[in-house]
Amino acid sequence: MASPAYEVDECRGVLRVFSDGSIWRSTEPSFKVPVEDDGSVLWKDVVFDPANNLELRLYKPSSSCSKLPILYYIHGGGFCIGSRTWPNCQNYCFKLALELEAVIIAPDYRLAPENRLPAAIEDGFMAMKWLQDQAISDDPDSWLNDAADFDKVFISGDSAGGNIAHHLALRLRPSSPDLAPVRVRGYVLLAPFFGGTVLSKSEAHGPKDAFLNWDLIDRFWRLSIPMGDTRDVAIVNPERESFEKVELDPMLVIMGENDLLKDRSKDYVKRLKDLGNNIEYVEFEGQQHGFFTLHPNSQPSNHLMLIINNFISHHCIS
């Protein structure tokens, strides 16, 4: 008689992986906060990839009557958990839509370990191609097209979403010519989820009780990287990518001082800046990974919103 399956990995109470390869996912989010929907932002869900049954959530301020810039918000979760439907994600998108006066597009993507990388990155690209389809459609969705300025698009990614945003920047190239008439003008990487086999100083010596601690970082990578690869595969570790001839659209990278991923992002920014790219790094004193969604109404989170707003405003007119 075969031994009963036992749990070998667990992620924030919403994902369990068992010894026989079976997987359990909760229908509930790991962040149980109330949805703060007061009607000031309109939203709806749209299927963008029928083959993989993937949806995205659109948001726009209810009071706007002019064309607005578009901001993609790609959620985090170590490539293993998270969704556009989680209330913390939805509340943050409400805040983004109102305070940036923008159309927000929050796509889902296939999760690991059922779908290991690069599946999530390909899904991010499909979400961008979906926007191009809307821009050139003979039968446009007026809900989106009446509000959105397809010439002023920004891609923002949170943690794992920041990794996806990085790969989109490499693939789409400056001004995203393959997406015309959609034009990407900049990227906002919020604590991007990068890794490597040799631990950085902040990974090795960061607090063990951090919201994103090393045990969880290691678990996310073990469950998401391609089978047979290590954390030094280029999908995970941008140091393994050749940037010598790479030009990118303007980029803003945000980190918390106490984030274990901090050193990797600082190295990433320095490398791209040394190659002549327009990239800005902002570090928030005393903050940890995901502070802007964990405490969205805090002073640091409000300051971050101003920084993002200034970045978008500047590059909409440049």
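The values are calculated or read from the model by the stated rules, or taken from the named source; none is laboratory data. Every value quoted in this text rests on a predicted model; they were computed, and no experiment measured them. Because the Cβ atoms are built from the backbone with ideal geometry, glycine has one as well, and the counts that use them run over all protein chains shown. Accessible surface areas use protein heavy atoms only, side chains included; no ligands, DNA or RNA. Shrake-Rupley method; radii C 1.70, N 1.55, O 1.52, S 1.80 Å.
Please find the FRET efficiency linking Glu28 to Asp133, where r is the Cβ-Cβ separation and R0 is fixed at 25 Å, and quote it to the nearest 0.05. E between Glu28 and Asp133, to the nearest 0.05, is 0.15. May I ask for the percentage of alpha-carbon pairs in segment 107-159 that lie more than 16 Å from each other? Summing the P(r) tail past 16 Å for segment 107-159 gives 51 percent. Rolling a 1.4 Å probe over the heavy atoms of the protein chains gives the chain an accessible area of 44 Å² per residue. Sparsely packed loop sites in segment 218-268 (the trypsin sites (Lys or Arg not before Pro) outside DSSP H, G, I, E and B with at most 15 other Cβ atoms within 10 Å) comprise Lys245. Within the straight-line cut-off of under 20 Å between alpha carbons, the aspartates and glutamates reachable from Lys208 are Asp9, Glu10, Asp218, Glu257, Asp259, Asp263, Glu285, sequence neighbours fewer than 8 places apart in one chain being disregarded. What angle do you read, to the nearest 10 degrees and between 0 and 90, between the alpha-carbon axis of helix 119-136 and the longest principal axis of the chain? Here the helix axis deviates by roughly 10 degrees. Phi-derived couplings, Karplus 6.51 cos²θ - 1.76 cosθ + 1.60 at θ = phi - 60°, listed residue by residue for segment 156-164: 10, x, 9, 6, 4, x, x, 4, 4 Hz, with x used for Gly and Pro.
Per the Cauchy relation, a quarter of the hull surface: what is the mean projected area of the convex hull of the alpha carbons in segment 119-192, in nm²?
Approximately 4.9 nm², given one-decimal rounding.
Among 167-175, 5-13, 140-148, the peptide with the highest mean count of other Cβ atoms within 10 Å heads the list, and the full ranking is 167-175, 140-148, 5-13. The string of couplings for segment 254-268 from the Karplus curve (6.51, -1.76, 1.60, θ = phi - 60°) is 10, 9, x, 4, 9, 7, 4, 7, 4, 5, 5, 5, 5, 5, 4 Hz, one whole number per residue in order, with x for Gly and Pro. As a quick test, which of the pairs Lys245/Lys270; Lys44/Lys67; Lys60/Lys152; Lys201/Lys245 have an alpha carbon distance above 21 angstrom in this structure? Long pairs (Cα-Cα over 21 Å): Lys201/Lys245.
Placing +1 on the Cβ of every Lys and Arg and -1 on the Cβ of every Asp and Glu, with no other charges, gives segment 188-318 a dipole of roughly 100 debye about its Cα centre. Taking the Cα centre of segment 1-149 as reference, the dipole from Cβ charges on Lys and Arg (+1) and Asp and Glu (-1) amounts to some 320 debye.
Find the centroid of the Cα atoms in segment 132-150 and in segment 1-51, then give the distance between the two in whole Å. Cα centres, segment 132-150 to segment 1-51: 31 Å. Helix 87-100 and the long axis of the chain differ in direction by around 30°, with both axes built from C-alpha atoms. Based on DSSP H segments of at least four residues, each scored -39500 (n - 2.57), the chain has a per-residue ellipticity at 222 nm of -9500 deg cm²/dmol.
Beta bridges assigned by DSSP with both partners in the chain are antiparallel in approximately 45 percent of cases. Ordering Ile217, His289, His166 by the projection of their Cα atoms onto the charge dipole of segment 155-294, which places +1 on the Cβ of Lys and Arg and -1 on the Cβ of Asp and Glu, puts His166 at the extreme positive end. Can you send over the carbon and sulfur percentage of the accessible area for the chain, probe radius 1.4 Å, protein chains only? Ligands and nucleic acids excluded, carbon and sulfur give 49 percent. Diffusion of the chain by Stokes-Einstein, at 25 °C in a medium of 0.890 mPa s and with Rh set to the Kirkwood radius over alpha-carbon pairs, works out to 123 µm²/s.
Angle between the Cα long axis of helix 299-317 and the longest principal axis of the chain, 0 to 90 degrees, nearest 10? Once rounded, one gets 50 degrees. The Cβ shell under 12 Å around Gln132 holds other residues with a net charge of 0, Lys and Arg each +1, Asp and Glu each -1. Evaluated with a Cβ-only charge set (Lys, Arg +1; Asp, Glu -1), the chain carries a dipole of roughly 380 debye about its Cα centre, given to the nearest 20. Relative to the current alpha-carbon distance between Ser175 and Asp45, full extension at 0.36 nm per residue lengthens the span by 44.1 nm.
With both bridge residues required to lie in segment 57-179, what share of the DSSP beta bridges run antiparallel, to the nearest 5%?
Among the beta bridges of segment 57-179, antiparallel pairing accounts for roughly 25 percent.
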